[in-house]
Amino acid sequence: MTASPDSTAPVPPAGIEPWLRELLRCPKCHAELRDTADDAGAPQLACTSSTCGLVYRVDDGIPVLLVDEAVAGPAQQA
Ligand SMILES: [Zn+2]
């Protein structure tokens, strides 16, 4: 799963520390989150659960993992 630094971006799109990113889970259903972005290109974290699919915004590299602040995303494919 390792990639050479010059073939992939060393920093995730959301700018979150990789070790922290690995620990993040959807606060609602505890599924893993994946990096995404909104229409304006702002980083977001989307729940990977097909039955949940909430999308969390990221403020200055700090993910806002609050169900009340999340928005329902489109159905996410695997
Ligand atoms: Zn979820």
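Every number here is computed from the coordinates shown, using simple stated rules; none is lab data. Predicted model, so just to flag it, every value in this text is computed and none were measured. Glycine also receives a Cβ, built like all others from the backbone with ideal geometry; neighbour counts cover every protein chain displayed.
Key figures for this structure:
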read-out: The range 18-72, relative contact order [Cα under 8 Å, separation at least 6], %; value: 25
read-out: Relative packing of 26-35, 60-69, 42-51, which averages over residues the other C-beta atoms within 10 Å, highest first; value: 42-51, 26-35, 60-69
read-out: Listed residues 46, 29, 61: farthest to the positive end of the dipole of the range 18-72 (Cβ charges); value: 29
read-out: Stokes-Einstein D (µm²/s) once Rh is taken as the Kirkwood radius of the range 18-72 over alpha-carbon pairs, at 25 °C in 0.890 mPa s; value: 223
read-out: Amide proton proximity set for residue 73, modelled H, under 5 Å, gap of 5+; value: 54, 55
read-out: Integer Hz, Karplus 6.51/-1.76/1.60 couplings in order for the range 21-26, x for Gly and Pro; value: 4, 5, 8, 6, 9, 4
